[in-house]
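Working notes, beginning with the structure itself.
The values are calculated or read from the model by the stated rules, or taken from the named source; none is laboratory data. As the structure is a computational prediction, the values presented were derived from the model and not from experiment. Ideal geometry is used to build each Cβ from the backbone, glycine not excepted, and the neighbour counts take in all protein chains shown. Please note that ligands, DNA and RNA were not included when accessible areas were found on the heavy atoms of the full protein model with its side chains. Shrake-Rupley method; radii C 1.70, N 1.55, O 1.52, S 1.80 Å.
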Amino acid sequence: MLQTTAKTKLLNAALSMVRTTGYEATSVDDLCRAAGVTKGAFFHHFRSKEDLAVAAAGHWSTVTGAMFAAAPYHSYEDPLDQLIAYIDFRAELLDGRSLPEATCLLGTMVQETYASNPAIRDACEAGISGHAETVAAIITAAKNRHAPRASWSAESLALHTQAVLQGAFILAKARNDIAIARESILHLRRYVELLFHHGKED
């Protein structure tokens, strides 16, 4: 059995703790305690908490990227069906999860650090935009097949899906209720269906 390295333990601890308590409120001592490693091990792998946060953003994208790549929505032949199934999958990811577990590390960190820490902000933006690009590929294929004359772009719709999801997480945190996020995702599904319906008529 492969052993989990101290570096990976710290990255995984960051994924959990930052989504639970926030970036600023999470200390190096907290991360070491949660990861079960020494402070010396922390500074062996990372120069600072900021350095860990930037690496954690990349780790999040790797972990979630693999999950999305293996998700069942790819099995649909019609790209519009894939897109709708992707949105449904995002709703399913809320099932049985606590509010911190259901939310996004990148959205959580960038809300705190967008003005104070450009390195973390840029790492979060790269992760969010990178995922949006994978969604844009599906939307492009769906638009070409179902709404080729529509005036909107696949890239802007892909970013809009991410804006709705991140906003849904913020509302869920404000209300301390994951249900509002599910409702927002359902509205996103309705919007996409209507957008493609009207796109056929443009």
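Brief remarks on what is shown
- Condition check for Arg90: of a type in the set (D, E, K, R), within 30 Å of Met17 (Cα to Cα), open to solvent by less than 40 Å² (accessible area, probe 1.4 Å) and in a helix (DSSP H, G or I): yes
- Looking across region 66-77, the residues that are surrounded by 15 or more Cβ atoms within 10 Å (Cβ to Cβ) and either small (Gly, Ala, Ser) or in a loop (DSSP other than H, G, I, E, B) (or both) come down to Ala71, Tyr76.
- Of all residues making up region 13-48, the number that are assigned to a loop (DSSP other than H, G, I, E, B) and either aliphatic (A, V, I, L, M) or in contact with a Pro (Cβ under 8 Å, 6 or more places away or on another chain) (or both): 2
- Test result for Thr103, in contact with a helix residue (DSSP H, G or I) (Cβ under 6 Å, 6 or more places away or on another chain) and either modelled with pLDDT under 95 or open to solvent by 30 Å² or more (accessible area, probe 1.4 Å) (or both): no
- Just one residue in the set Thr62, Thr4 is loosely packed, with under 13 Cβ neighbours inside 10 Å, out of contact with any His (no Cβ under 9 Å at 6 or more places or on another chain), assigned to a helix (DSSP H, G or I) and of a type in the set (Val, Ile, Thr); that residue is Thr62.
- Checked against the criteria, Asp95 counts as under 18 Å from the mean Cα position of the chain (by Cα) and surrounded by fewer than 14 Cβ atoms within 10 Å (Cβ to Cβ).
- Residue match in region 130-150 (condition: in contact (Cβ under 8 Å) with a residue 60 or more places away in the chain, under 24 Å from Val18 (Cβ atoms) and open to solvent by 60 Å² or more (accessible area, probe 1.4 Å)): yes
- Some residue of region 160-170 being surrounded by 15 or more Cβ atoms within 10 Å (Cβ to Cβ), touching a Leu at 6+ places or on another chain (Cβ under 6 Å) and within 25 Å of His198 (Cβ to Cβ): yes
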